[in-house]
Each structure stands twice: as structure tokens, then as C-alpha cells.
Amino acid sequence: MTDAIEIEVVRLPHARDLPLPAYATELAAGMDLMAAIDAPMTLEPGKHAMVPTGLSFAIPPGFEVQVRPRSGLAAKHGVTVLNSPGTIDADYRGEVKVILINLGDQPLVIEPGMRIAQMVVAPVTRATWRESERLQETTRGLGGFGSTGVHFQTG
Ligand SMILES: O=c1ccn([C@H]2C[C@H](O)[C@@H](COP(=O)(O)OP(=O)(O)OP(=O)(O)O)O2)c(=O)[nH]1
Ligand SMILES: [Mg+2]
């Protein structure tokens, strides 16, 4: 595990009575993000919603925060992060919001402070382009989208 980095965070007024996200276990990869809402909101089957976290970050250059689903919400309720993994850019200063979608068949009531997603801090490598007319050929070549089949390869 790489050394922790410090992220400056502002707790917006509607998140003032919520704790900051924290790692739930010694080696947890993510910290859960909480719903900074003042009343329960119901996510109906098939619907999606932006849920505010009440947090704004100044992520150090060279890093991002990924917004990922919690497996418990997915397994028990069919609820996931629609744009998973959501990308919080290092230069974003707005409120971090979570876009949840209910792919289950029952409504999910999101309570104030409910842990609705998780954030994982990750290093970012950016790219510059070197444009050419033709790329070096490879064995895979144009193969994609299932080109290697679905069953495991024997010996
Ligand atoms: O789950 C998410 C995804 C994004 N954002 C915020 C932070 C991020 O830095 C900004 C832009 O995200 P993204 O690049 O995914 O959105 P876009 O549709 O490309 O918008 P933009 O043109 O503003 O980049 O929106 C969130 O709060 N939650
Ligand atoms: Mg973008």
C-alpha cells in the first residue's frame, strides 16, 4: 500500500453534522461517502439520482478520487453508481456528488447520512500524443469485444 496523501476537504454546511469519510478497516481501499441530505429520498426501481456528499476536495495534482459502488448496496438492492467509477478530478472544487441507479425491483430509501458509495484515491498518469499514420501490428490486431472467446483455455 502506498503512503497516504493528504487531501484538503471542505465540509459544506449541509454536511456539517456528518463525520468525514474514514477507512472502516485497517487495509480498506476505500472510504464510504455519505448522503448529505436532510430528508430521506426514495430511489425507485429503474431510476437514478444525484446524491450530494456535502464535500469538496482539493486533490493533490497527480491523483484522482474514484467514486465506486458499495457491494452491499449492489448485492442486496441492485443499486450501483451509474457512472462507475466516477472521476473526481484534482482541479474540481465543486461538491462531490454520487450518481446512484436502482437496477433492483424494490425502491431504496436513502436516509440522511447513509453510506451510499465509496471513494478510492488513485494516482493518475496523463498522456501526450505522438501521432503516426499506421500502428505496429500485433497478434490481437483488430480483435476486441469477445474476440478471445468466453471459455477458459486448456493447455
Ligand atoms: O461521480 C461523479 C463524477 C464527477 N463528479 C464531478 C467531479 C469531476 O471532476 C467533475 C467532472 O466529472 P466528469 O469528467 O466525469 O464529467 P463530464 O461529463 O466530463 O463533465 P466535465 O465536462 O465538467 O468534465 O464532476 C462528481 O462529483 N461525481
Ligand atoms: Mg470530464
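Values in this text are rule-based calculations from the coordinates and carry no lab data. Computed from a predicted structure; not experimentally measured. Virtual Cβ from ideal backbone geometry, glycine too; neighbours counted across all protein chains shown.
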Query - Within the stretch 21-129, chymotrypsin sites (Phe, Trp or Tyr not before Pro) in DSSP loop having at most 14 other beta-carbon neighbours inside 10 Å - result: Trp129
**Report entry** Stokes-Einstein diffusion coefficient of the stretch 93-132, Kirkwood radius over Cα pairs, 37 °C, 0.692 mPa s, in µm²/s
**Finding:** 222
Report task. Order the peptides 4-15, 101-112 from the highest to the lowest mean number of other Cβ atoms within 10 Å of their residues. Result -> 101-112, 4-15
**Report entry** Computed label-point distance, nm, for sites Ile5 and Met50 using a 7 Å Cα→Cβ extension
**Finding:** 2.5
**Report entry** At most 10 other Cβ within 10 Å, DSSP loop - trypsin sites (Lys or Arg not before Pro), the stretch 111-155
**Finding:** Arg126, Arg130, Arg134, Arg140
